[in-house]
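Undergrad: If you scroll down you'll find the structure; I have some questions about it.
The values are calculated or read from the model by the stated rules, or taken from the named source; none is laboratory data. Just so it is clear, the structure is predicted and the values come from calculations on it, not from any experiment. Glycine also receives a Cβ, built like all others from the backbone with ideal geometry; neighbour counts cover every protein chain displayed.
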Amino acid sequence: MRGEGGKILYIGKAKNLKNRVRSYFQESADHPRRTRRMVFQIRDIDIIITATELEALTLESTLIKQHQPYYNVKLKDDKSYPYVKITYGEKYPRVVLARDLTRDPSARYFGPYSALTVRRALEIIHDVFPLRECSLDLDKEQK
């Protein structure tokens, strides 16, 4: 959603774009003041069609980080959509929740997903597979 001069106000995704856009402009909708202010400023709406929900989620996250729109507060700080990280570079690999993709180039990342989805997936993975969950350096000699 763009405002005056093409300034990006908000980046979002929707399974049903018509319903999502309509919900913003319905008079009867009980929107918070912040949302009402945003709707008043909208001058144009751009759309990008993606093939999958995951592609839409990833694109939304990337664009928000790139443009930092004023009305997107949840994804600006990377706290909403974590990744599943597999630490292949360790002698005894771990499968953990990760938010920073730049720390470990020897690891493999999957996502982004919702925090709840990642937590549930990790619970199932750790129930089914005998993987370590600690972050101790197991290569060091213990005294």
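Undergrad: Scan the range 70-88 and give yes if some residue there is at pLDDT 85 or above, among the polar types (S, T, N, Q), surrounded by 12 or more Cβ atoms within 10 Å (Cβ to Cβ) and within 21 Å of Ala115 (Cα to Cα), otherwise no.
TA: yes
Undergrad: Find all pairs meeting these conditions: Cβ atoms under 7 angstrom apart; at least six residues apart or on different chains; first residue within the range 123-135 and assigned by TED's automatic domain parsing to the domain that holds Arg94 and among the hydroxyl-bearing types (Ser, Thr, Tyr); second residue assigned to a loop (DSSP other than H, G, I, E, B) and modelled with pLDDT under 90.
TA: So the pair list comes out empty.
Undergrad: Could you say whether any residue in the range 121-136 is assigned to a helix (DSSP H, G or I) and modelled with pLDDT under 85?
TA: For the range 121-136, residues assigned to a helix (DSSP H, G or I) and modelled with pLDDT under 85: absent.
Undergrad: Now a separate question. Which residues, taken from the range 20-36, are exposed (fewer than 12 other Cβ atoms within 10 Å of the Cβ) and touching a residue at least 12 places away in the same chain (Cβ under 8 Å)?
TA: Of everything in the range 20-36, those that are exposed (fewer than 12 other Cβ atoms within 10 Å of the Cβ) and touching a residue at least 12 places away in the same chain (Cβ under 8 Å) turn out to be Phe25, Arg34.
Undergrad: Right, here's the next one. When residues of the range 89-135 are filtered for being exposed (fewer than 12 other Cβ atoms within 10 Å of the Cβ) and on the phi > 0 side of the Ramachandran plot, how many remain?
TA: 0
Undergrad: Take the conditions part of a loop (DSSP other than H, G, I, E, B), outside the structural domain of Glu55 (by TED's automatic domain parsing), at pLDDT below 75 and within 12 Å of the chain's Cα centre (by Cα) and apply them to Asp100. Does it pass? First the steps, then the outcome.
TA: On the way: part of a loop (DSSP other than H, G, I, E, B): yes; outside the structural domain of Glu55 (by TED's automatic domain parsing): yes; at pLDDT below 75: no; within 12 Å of the chain's Cα centre (by Cα): yes.
Against the criterion (part of a loop (DSSP other than H, G, I, E, B), outside the structural domain of Glu55 (by TED's automatic domain parsing), at pLDDT below 75 and within 12 Å of the chain's Cα centre (by Cα)), Asp100 does not qualify.
Undergrad: Under the condition of being without any contact (Cβ under 8 Å) to a residue 12 or more places away in the chain and surrounded by fewer than 12 Cβ atoms within 10 Å (Cβ to Cβ), which residue from the range 37-63 is nearest to the chain's Cα centre (by Cα)?
TA: Thr52
Undergrad: On to the next question. Considering only the range 1-19, how many residues are assigned to a loop (DSSP other than H, G, I, E, B), surrounded by fewer than 10 Cβ atoms within 10 Å (Cβ to Cβ) and touching a residue at least 24 places away in the same chain (Cβ under 8 Å)?
TA: 1
Undergrad: Related question: Do we find a residue being out of contact with any Asp or Glu (no Cβ under 8 Å at 6 or more places or on another chain), of a type in the set (Gly, Ala, Ser), modelled with pLDDT under 90 and assigned to a helix (DSSP H, G or I) anywhere in the range 44-57?
TA: First pass over the range 44-57, keeping only residues out of contact with any Asp or Glu (no Cβ under 8 Å at 6 or more places or on another chain): 44-57.
Then drop every residue that is not of a type in the set (Gly, Ala, Ser), which leaves 51, 56.
Imposing the further condition that a residue be modelled with pLDDT under 90 reduces the set to 56.
Applying the additional criterion that residues be assigned to a helix (DSSP H, G or I) yields 56.
Looking for residues that are out of contact with any Asp or Glu (no Cβ under 8 Å at 6 or more places or on another chain), of a type in the set (Gly, Ala, Ser), modelled with pLDDT under 90 and assigned to a helix (DSSP H, G or I), one finds at least one in the range 44-57, hence yes.
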